[in-house]
Amino acid sequence: MEIFDRLESEVRSYCRSFPTVFDRASGSHLYDQAGREYLDFFAGAGALNYGHNNPLFKERLIAYVQGDGVAHSLDMATAAKGAFLGRFHDVVLEPRGLRYKVQFPGPTGTNAVEAALKLARKVTGRKQVLYFHNAYHGMTLGALAVTGNAAKRRGAGVPLSFTTPLPYDGSATVPDSLAYLAEVLDNSSSGVDLPAAVIVESVQAEGGVNAASFGWLRRLADLLKRHGILLILDDIQTGCGRTGTFFSFEPAGIQPDLVCLSKSISGFGLPMALVLIKPELDIWSPGEHNGTFRGNNLAFVTGAAALDYWQDDTLAQAVARKSEIARGRLQALADAFPALGGEVRGRGLILGLRFADPDLAGQVSQAAFRRGLIVETAGPRDEVLKLLPPLVITEDELRQGLDIIESALDEVAASVQMLEVAV
Ligand SMILES: Cc1ncc(COP(=O)(O)O)c(C=O)c1O
């Protein structure tokens, strides 16, 4: 690690949680330079839903590069982009009865969020955007202004303005923030100016794996529709099958005005992002929102290949099965270690185990790493152990990872007991 300590910025973070030098990766595993194998329950923070170096996409990528396919093209028309668009329409949009135009912003999630916020303000001519406590939408200024975390917001160094936070579904202290929102919107003397948009995650991922109910999402969508406020759904971490359906919002039966996708849309961990725009809202003028890396053709190639997984419901059913296995096991662990105050949360294969003492999630993550499992923490105080295995993980691998979590919990519970005895 010496070269990283010496030459890389202090801003680095995941390499501090998982201090080894990784070298190779395949399927659900990473390998470090010493040849040690790690099971990956982190999956590139949701960028590797189809696993590392998925052979189905790798072959097509290698063939494309070997054939001198265009790699970089700004937003010029290329065969690879055309093929991706056609496949996305045929496999994802049309079967779901969704009509969206596709914008390719810069290739990261925060680029998609910036584009969506900008377009919502342009369409409505209004400035305010509402967001939710514990939301995470990215690190650029616009996205930070709709992100909850105080430390991240402080990093902006300038005021983050024209945004207002609201409690999310399931808030312990404000059980129905939508009732409040309805009241201020319905009352023209409420003193609250009509916002341009509301941006929401259907499961707050970084915010601690908080899943909104489908009923709450429907109420939100209906309320906004009544007032001509746009709904931006950030499906950057929860899209591409993570919650069990291609889009996380499908079971809620809503059609957001703008949808942000990134992370696993390229399938291979290559940078790519897009904004889905209801056609009547697509009032951009040419070049109004730009970016050098909007045309990552390598990502278009692997992204088109990844959609093969969505030609039928085989993957969706497998995710539902694996979710049940993982959820059941996490609940059993929470019950077996009552002193840790564990609470299971999440949907599909984004699952969390929240601890009463926030330090414990990090301790379990570290104990798991020592045993060869990569699993992260999330939440305002990092109090949630967040499980994000590749969707294509085998059931055996999933069980192995859960066994490691059990063993890590054993270690942490034993040290908690020792502390209690000492006190
Ligand atoms: C919901 C959500 N939105 C936006 C982002 C930002 O994406 P990126 O890190 O690619 O800018 C993330 C990243 O974790 C995310 O989880």
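The values are calculated or read from the model by the stated rules, or taken from the named source; none is laboratory data. Bear in mind the structure is a predicted one, so any value in this text is a computation, not a measurement. Note: ideal-geometry Cβ built from the backbone for every residue, glycine included; neighbour counts use all protein chains shown.
Residues that are among the hydrophobic types (A, V, I, L, M, F, W, C) and free of Cβ contacts under 8 Å to residues at least 24 places away in the same chain: which helices (runs of 4 or more DSSP H) entirely in the range 1-116 hold 3 or more of them?
2-7
Going by what's in this entry, would Ala145 be described as within 14 Å of the ligand (Cβ to nearest atom) and either surrounded by fewer than 16 Cβ atoms within 10 Å (Cβ to Cβ) or over 19 Å from Ile254 (Cβ atoms) (or both)? Steps first, answer last, please.
Details: within 14 Å of the ligand (Cβ to nearest atom): yes; either surrounded by fewer than 16 Cβ atoms within 10 Å (Cβ to Cβ) or over 19 Å from Ile254 (Cβ atoms) (or both): yes.
Considered against the rule, which asks whether it is within 14 Å of the ligand (Cβ to nearest atom) and either surrounded by fewer than 16 Cβ atoms within 10 Å (Cβ to Cβ) or over 19 Å from Ile254 (Cβ atoms) (or both), Ala145 comes out as yes.
Say whether the condition of being crowded, with 23+ Cβ neighbours inside 10 Å, within 16 Å of the ligand (Cβ to nearest atom) and on the phi < 0 side of the Ramachandran plot is met by at least one residue in the range 81-94. Spell out the reasoning first.
At the first step, the residues of the range 81-94 found to be crowded, with 23+ Cβ neighbours inside 10 Å are 81, 84.
So of that shortlist, the ones also within 16 Å of the ligand (Cβ to nearest atom) come out as none.
Within the range 81-94 (the criterion being crowded, with 23+ Cβ neighbours inside 10 Å, within 16 Å of the ligand (Cβ to nearest atom) and on the phi < 0 side of the Ramachandran plot), the answer is no, since none of the residues qualifies.
Enumerate the strands (runs of 3 or more DSSP E) found wholly within the range 151-257, keeping only those where 1 or more residues are away from the ligand (no atom under 15 Å from the Cβ), hydrophobic (A, V, I, L, M, F, W, C) and touching an Asp or Glu at 6+ places or on another chain (Cβ under 6 Å). Before the answer, list the steps.
Values: elements: 163-166, 197-200, 230-234.
The strands (runs of 3 or more DSSP E) meeting that bar are 230-234.
Just one of the numbered conditions (1) polar (S, T, N, Q); (2) at pLDDT below 95; (3) touching a strand residue (DSSP E or B) at 6+ places or on another chain (Cβ under 7 Å) is not true of Asn290; which one?
Answer for Asn290: the failing condition is (3).
Of all residues in the range 1-50 being of a type in the set (Lys, Arg) and either more than 20 Å from Ser365 (Cα to Cα) or in contact with an Asp or Glu (Cβ under 9 Å, 6 or more places away or on another chain) (or both), which is surrounded by the most Cβ atoms within 10 Å (Cβ to Cβ)?
This residue is Arg24.
In the range 268-283, what count of residues is obtained for those that are farther than 21 Å from Leu387 by Cβ, part of a loop (DSSP other than H, G, I, E, B) and within 17 Å of the chain's Cα centre (by Cα)?
Count: 5.
What pairs come out if I take residues in the range 344-364 that are at positive phi and pair them with residues that are outside any strand (DSSP E or B) and of a type outside the set (S, T, N, Q) whose C-beta lies under 8 Å away, six or more apart or interchain?
Close Cβ pairs satisfying both conditions: Gly346/Val209; Gly346/Arg327; Gly348/Gly241; Gly348/Arg242; Gly348/Gly244; Gly348/Val319; Gly348/Ala320.
For the range 384-412, what are the residues that are closer than 24 Å to His137 by Cβ and over 18 Å from the mean Cα position of the chain (by Cα)?
Answer for the range 384-412, where residues must be closer than 24 Å to His137 by Cβ and over 18 Å from the mean Cα position of the chain (by Cα): there is none.
Consider Pro107 against the criteria (1) within 16 Å of the ligand (Cβ to nearest atom); (2) out of contact with any strand residue (DSSP E or B) (no Cβ under 8 Å at 6 or more places or on another chain); (3) not charged (D, E, K, R): it satisfies all of them except one. Which criterion is unmet?
Result: Pro107 fails condition (2) only.
Which one is farthest from the ligand (Cβ to nearest atom) among residues in the range 121-142 that are charged (D, E, K, R) and not in a loop (DSSP other than H, G, I, E, B)?
Within the range 121-142, the match that is farthest from the ligand (Cβ to nearest atom) is Lys122.
Can you tell me which residue is surrounded by the most Cβ atoms within 10 Å (Cβ to Cβ) among those in the range 243-264 that are within 11 Å of the chain's Cα centre (by Cα) and more than 16 Å from Phe214 (Cβ to Cβ)?
To start, the set of residues in the range 243-264 that are within 11 Å of the chain's Cα centre (by Cα) comprises 243, 248, 260-264.
Restricting the remaining residues to those that are more than 16 Å from Phe214 (Cβ to Cβ) gives 260-264.
Working: Cys260: 31, Leu261: 25, Ser262: 29, Lys263: 26, Ser264: 27.
Among those that are within 11 Å of the chain's Cα centre (by Cα) and more than 16 Å from Phe214 (Cβ to Cβ), it is Cys260.
Name the single residue that is nearest to the ligand (Cβ to nearest atom) among those in the range 265-298 being under 23 Å from Ala79 (Cβ atoms) and of a type in the set (Ser, Thr, Tyr).
Quick first cut of the range 265-298, residues under 23 Å from Ala79 (Cβ atoms) only: 265-276, 286-287, 290-298.
From the residues that got through so far, the ones that are of a type in the set (Ser, Thr, Tyr) too are 266, 292.
On the way: Ser266: 11, Thr292: 16 Å.
Ranking the qualifying residues of the range 265-298, first place goes to Ser266.
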